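Q: One structure, as structure tokens, below. Some questions next.
The values are calculated or read from the model by the stated rules, or taken from the named source; none is laboratory data. Just so it is clear, the model here is predicted, and its values are computed rather than measured. When we count neighbours, we look across all protein chains shown, and the Cβ atoms used for this are built from the backbone with ideal geometry, even at glycine.
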Amino acid sequence: MKIQDVKVFVVGTPAPHHGGAFWVFVKLTTDSGVEGIGEVYAVPFHPAVVEKMIQDVADRYVIGTSPYDIEALWRRVYSSGFTQRPDVSLMAILSGIETACWDIMGKEANQPVYNLLGGKVRDRVRAYTYIYPAPGSDNSVYSNADISCQRANAYIKAGFTALKFDPAGPYSAFDPRQLSLEMMHFTENFVKQLRECVGDKVDLLFGTHGQMTPSSALRLAKKLEKYDLLWFEEPTPPDMPEEMGRVAAGTTIPVATGERLTTKYEFARVLRNNAASILQMAIGRVGGIMESKKIAAIAETYYAQIAPHLYAGPIEAAANLHVDFSTPNFLIQESIEDMGGFHAQLLKKPLAFESGYFLPPTEPGLGVELNEDVALAHPYTGTRLHLEMHQSPLN
């Protein structure tokens, strides 16, 4: 069986754009007619450019090869153009293609992908969601703790036992920076009020996006420790895990990181420097499903856990679940609320979600099928990238 065709779908997301401005899906088709779908996450170029990049990689390394040859495919793409080092763009493209290969293999074997990865070790997957504004509301849940508490209670009633929020201000291309004392006091009061609101039966996950210097992160962490947060996410930028290790060593709050990292090599550096005990790989960027399993295996030797990142579309969400269900040192899975709305519309059958937990896919492969009619009906016509930072320094 050989791969004979690749098709790319660039889908624009409707407002409020939870999961990004657009999603990029890759469909591979074999000479026997079996189709596999994958997702490419957040390449830092316009998706019209990304589509051409995907086609180039497919023409060089994918068309005419077996979908079973994951290791050979991975090494050839990783080494493309004499690079042979972590590259977020190339690895994201490889991730989407590799995921589609696993989908094909599962369908050929008539098994869910998690059964090809060692089998299930749990019957359901605990999920967390960001605290999002109420539908139709433009209120910022991160500048008003009262609104955030109201939304938190709605999620708790829906069954969620863990919630994430980002009250420590925006991030910019000029970070890291020292947060102002005013911002740190605001953030501490916000967390205090939210903890009082939800009590001790709900985990609170403190999100940041690398906007702090290590000294600033430590000052803030000291103020937040008393509220028993599940994690302190990416307190410093991702390019120097040695510096993030200073933060992890100086606080009792577990540090989580990984959404902007790619390949086992960058995650190994995180672990060697004790920079984080919770790894948040994005399967659509990190190098794919097998690379995620390798990272989880390395993490297991450090007693570190994985909590895969998800700010993407439903195909990456499905890929995450197969890793989650088959990985012993899994902690918790990011979800975008209950994966309803446009995420569900893009699938012929939505992901199974019940009271804050994902249920295992049962169909072969990834267990989901892209609704191509819906995908084609929502082309991306904007100019924004998937995510963007402030382009000027922030005071």
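Q: Quick check on residue 323: is it among the β-branched types (Val, Ile, Thr) and surrounded by fewer than 21 Cβ atoms within 10 Å (Cβ to Cβ)?
A: no
Q: Oh, and also: Tally up the residues in the range 222-270 that are in a helix (DSSP H, G or I), in contact with a strand residue (DSSP E or B) (Cβ under 8 Å, 6 or more places away or on another chain) and buried (at least 19 other Cβ atoms within 10 Å of the Cβ), please.
A: Qualifying residue count for the region: 7.
Q: I've got another one for you. Quickly run through the range 195-216 and pick out the residues that are in contact (Cβ under 8 Å) with a residue 40 or more places away in the chain, within 27 Å of the chain's Cα centre (by Cα) and over 23 Å from residue 310 (Cα atoms).
A: Those that are in contact (Cβ under 8 Å) with a residue 40 or more places away in the chain, within 27 Å of the chain's Cα centre (by Cα) and over 23 Å from residue 310 (Cα atoms): 198, 201, 216.
Q: Going through 299, 352 one at a time, which residue ends up being touching a Pro at 6+ places or on another chain (Cβ under 9 Å) and either in contact (Cβ under 8 Å) with a residue 60 or more places away in the chain or on the phi < 0 side of the Ramachandran plot (or both)?
A: 352
Q: Assess whether residue 329 counts as being over 16 Å from the mean Cα position of the chain (by Cα), free of Cβ contacts under 8 Å to residues at least 40 places away in the same chain and within 19 Å of residue 128 (Cα to Cα).
A: Against the criterion (over 16 Å from the mean Cα position of the chain (by Cα), free of Cβ contacts under 8 Å to residues at least 40 places away in the same chain and within 19 Å of residue 128 (Cα to Cα)), residue 329 qualifies.
Q: Can I ask one more? Does any residue in the range 89-106 that is assigned by TED's automatic domain parsing to the domain that holds residue 56 come within less than 9 Å, Cβ to Cβ, of a residue that is of a type in the set (Lys, Arg) and crowded, with 24+ Cβ neighbours inside 10 Å six or more places away or on a different chain, and which pairs are these?
A: Note: pairs meeting the criteria are 91/285; 92/285; 95/285.
Q: Being among the aliphatic types (A, V, I, L, M) and either in contact (Cβ under 8 Å) with a residue 40 or more places away in the chain or touching a Phe, Trp or Tyr at 6+ places or on another chain (Cβ under 6 Å) (or both) is the filter here, so list the residues in the range 119-175 that pass it.
A: Answer for the range 119-175, where residues must be among the aliphatic types (A, V, I, L, M) and either in contact (Cβ under 8 Å) with a residue 40 or more places away in the chain or touching a Phe, Trp or Tyr at 6+ places or on another chain (Cβ under 6 Å) (or both): 121, 125, 127, 131, 145, 152, 156, 158, 162, 163, 168, 173.
Q: Of the residues in the range 271-307, how many are within 24 Å of residue 250 (Cβ to Cβ) and in a loop (DSSP other than H, G, I, E, B)?
A: Adding up the residues that qualify gives 10.
Q: Which one of the conditions (1) more than 24 Å from the chain's Cα centre (by Cα); (2) within 19 Å of residue 92 (Cβ to Cβ) does residue 55 fail to meet, given that it meets all the rest?
A: Of (1) more than 24 Å from the chain's Cα centre (by Cα); (2) within 19 Å of residue 92 (Cβ to Cβ), only one is false for residue 55: (1).
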